[in-house]
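Below is one structure, written out as structure tokens, with a few remarks after it.
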Amino acid sequence: MMDGYAIGLVCDKCQKDYDIRQAVNTCPSCGGLLETVYDLPRLKKEIVFSKLQTTGNTMWRYKDFFPYIEEKNIVSLGEGCTPLVKSIYLSRELGMENIYFKNDTMMPTGSFKDRGFSLAISFAKDIGVKKGFTYSSGNAGASFSAYSSRGGFHALVLVEYLASDTKKAMIKLYGAQTAILDFENFGQISVMLEKAVSQLGLYQFVNFINPIRHEAMKTYAYEIFDQLGGLVPDYMFHPVGTGGGLWGAWKGYNELKALGLTDQLPKMVAVQPETSCHLKKAFQKGARVAGQYGDPAKTIAQSIAADSPIQGGTRVLDAIYQSGGMALGVSDQEILTAMRILGKEGIGAEPSSAAAVAALIQGVKNGTVSPDATAVCVITGTALKQSRAVEMAAGQPQLQVDADIGSLAKIIDSLHI
């Protein structure tokens, strides 16, 4: 259909409706977060989901599940449809047969953020927006920069000072104007971003403040459902900064259920560093709103380190409670162990990505996750984003060999190769 299946935006707080093609961020009436609403009965009637698997090798095979965008405005670098890798080593260690890694380290800029920015930049172009900005802990900035440049979009990235030098340089490499953001706590950033909408009228691409970006994360659900042969996992472990990935995936699973494709939904598990796990603290109290907690500077998991969430983290907490999931915090040592395990599995993950695996290990060992369950861990970003953390996890080679056959034979013998 030329008009697509998205029928509007609705505010989480005041329930006011807006035109899907209106260039808004948060609700102009009350400042609440906006959510895209679809005509699911018509989608169910007119789209054969199984046929979408043959319509390309990117997330755009699911374009009917996004707001409508003209083909000429789609900005794509081949994002999505990443491998779902079944564990060998961790499965043996935990005695858990069905562990899978959704490997988004293989995305164009090396992180899962490419899903969201491909969609958000494409949609912005389609409705006539020509410039914008985003806040980033690193990965989002690089992705926004790459897709903005590719789409001829004027971009400004505010990247937090805690980001690795590699991430900061990648943002500049892709072409966006870049400024390093200093702050004392995430609450300051939230206030600044909300005022940027209300006072400066700037169209921005920060997760949730931008109502379109997380729609792309629904493709996790679609892809995993397809890759598991029409099954839904029992658990989905996702590292959480703002939480767009987890919320989008939860929305996608619910759409699969609404379309009659499954009657199962996964338990959604939000994973944060133990040093700043505000969602875990809220979950432990049964709270629906998360407050400020911890110090994001005291973890190697830079991409998911924040001491408070956007608008209280209500969406992420809703997904956790609705799914029967949980919020967990993991230590740097648990993360480093998970990085080493993923390395043996053939996946080089940055600390924030490995946090999902660390949480699964924690859950199985403390008995909250059954070894009989099927679990998917989303690996959100490549290890190359934080080379220093790789050295912390693996160290440098210590063995040396001279370039002669005798020296080579000696070392092979000593290693029993």
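The values are calculated or read from the model by the stated rules, or taken from the named source; none is laboratory data. Bear in mind that the values here come from a model prediction, so they are computed numbers and not experimental data. No Cβ is skipped: glycine too gets one built from the backbone with ideal geometry, and neighbour counts run over all protein chains shown. What goes into the accessible areas is simple: the full protein's heavy atoms, side chains included, and nothing from ligands, DNA or RNA. Shrake-Rupley method; radii C 1.70, N 1.55, O 1.52, S 1.80 Å.
Inside segment 361-383, can you point out the residues that are in a helix (DSSP H, G or I) and within 17 Å of the chain's Cα centre (by Cα)? Quick ask: steps written out before the conclusion?
So the first thing to find is which residues in segment 361-383 are in a helix (DSSP H, G or I), and the list is 361-365, 383.
383 - this is the single residue of segment 361-383 that is in a helix (DSSP H, G or I) and within 17 Å of the chain's Cα centre (by Cα).
Can you name the number of the only condition in (1) at pLDDT below 95; (2) in contact with a strand residue (DSSP E or B) (Cβ under 9 Å, 6 or more places away or on another chain); (3) within 24 Å of residue 165 (Cα to Cα) that residue 239 fails?
Residue 239 satisfies every listed condition except (1).
Picking from 364, 378, 369, which residue would you name as being within 14 Å of residue 240 (Cα to Cα) and at pLDDT 95 or above?
378
Here is a yes/no grid of residues against (1) in contact with a Gly (Cβ under 8 Å, 6 or more places away or on another chain); (2) of a type outside the set (Lys, Arg); (3) under 20 Å from residue 53 (Cβ atoms):
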| residue | (1), (2), (3) |
| --- | --- |
| 230 | no, yes, yes |
| 239 | yes, yes, no |
| 259 | no, yes, yes |
| 263 | no, yes, no |
| 268 | yes, yes, no |
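For residue 141, only one of the following conditions fails: (1) closer than 15 Å to residue 210 by Cβ; (2) at pLDDT 95 or above; (3) small (Gly, Ala, Ser). What is its number?
(2)
Mind listing whichever residues of segment 304-347 are modelled with pLDDT under 95 and of a type in the set (D, E, K, R)?
307
Scan (1) in contact with a His (Cβ under 8 Å, 6 or more places away or on another chain); (2) open to solvent by 10 Å² or more (accessible area, probe 1.4 Å) for the single condition residue 322 breaks and write down its number.
The failed condition is (1).
Yes or no: residue 327 closer than 24 Å to residue 165 by Cα, in contact (Cβ under 8 Å) with a residue 40 or more places away in the chain and either touching a helix residue (DSSP H, G or I) at 6+ places or on another chain (Cβ under 8 Å) or open to solvent by 30 Å² or more (accessible area, probe 1.4 Å) (or both)?
No: the conditions fail for residue 327.
Regarding residue 347, is this residue outside any helix (DSSP H, G or I), open to solvent by less than 10 Å² (accessible area, probe 1.4 Å), under 22 Å from residue 104 (Cα atoms) and of a type outside the set (Ser, Thr, Tyr)?
yes
Looking only at segment 144-175, how many residues end up being buried (at least 22 other Cβ atoms within 10 Å of the Cβ) and touching a Pro at 6+ places or on another chain (Cβ under 8 Å)?
1
Just need a number here: residues in segment 309-318 that are of a type in the set (A, V, I, L, M) and within 15 Å of residue 284 (Cα to Cα).
2
From the set of residues in segment 178-203 that are of a type in the set (Asp, Glu) and surrounded by fewer than 14 Cβ atoms within 10 Å (Cβ to Cβ), which is modelled with the lowest pLDDT?
Going through the qualifying residues, I end up with 184.
Would it be correct to say that residue 102 is part of a strand (DSSP E or B) and on the phi < 0 side of the Ramachandran plot?
Spelling it out, residue 102 is indeed part of a strand (DSSP E or B) and on the phi < 0 side of the Ramachandran plot.
Kindly evaluate residue 26 against the criterion of being open to solvent by less than 40 Å² (accessible area, probe 1.4 Å), at pLDDT 95 or above, touching a helix residue (DSSP H, G or I) at 6+ places or on another chain (Cβ under 7 Å) and not basic (Lys, Arg).
In short, no.
Can you name every residue in segment 59-78 that is in a loop (DSSP other than H, G, I, E, B) and in contact (Cβ under 8 Å) with a residue 40 or more places away in the chain? It would help to see each step written out before you state the result.
Going residue by residue through segment 59-78, those that are in a loop (DSSP other than H, G, I, E, B) are 66-70, 74-78.
Result: 66, 67, 68, 69, 70, 74, 75, 76, 77.
For residues that are under 26 Å from residue 17 (Cα atoms) and of a type in the set (Gly, Ala, Ser), scanning just segment 30-69, find the one that is most open to solvent (accessible area, probe 1.4 Å).
31
Search segment 5-22 for residues being within 12 Å of residue 38 (Cα to Cα) and not in a loop (DSSP other than H, G, I, E, B), and hand back the single one that is most open to solvent (accessible area, probe 1.4 Å).
Across segment 5-22, the extreme among qualifying residues is 7.
The rows are residues; the columns are (1) over 22 Å from residue 381 (Cα atoms); (2) touching a residue at least 24 places away in the same chain (Cβ under 8 Å).
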{"site": "224", "(1), (2)": "no, yes"}
{"site": "229", "(1), (2)": "yes, no"}
{"site": "235", "(1), (2)": "no, yes"}
{"site": "260", "(1), (2)": "yes, yes"}
{"site": "276", "(1), (2)": "no, yes"}
{"site": "285", "(1), (2)": "yes, no"}
{"site": "289", "(1), (2)": "yes, yes"}
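Examine segment 86-96 for a residue that is part of a helix (DSSP H, G or I), under 20 Å from residue 217 (Cβ atoms) and not β-branched (Val, Ile, Thr), and state whether such a residue exists.
no
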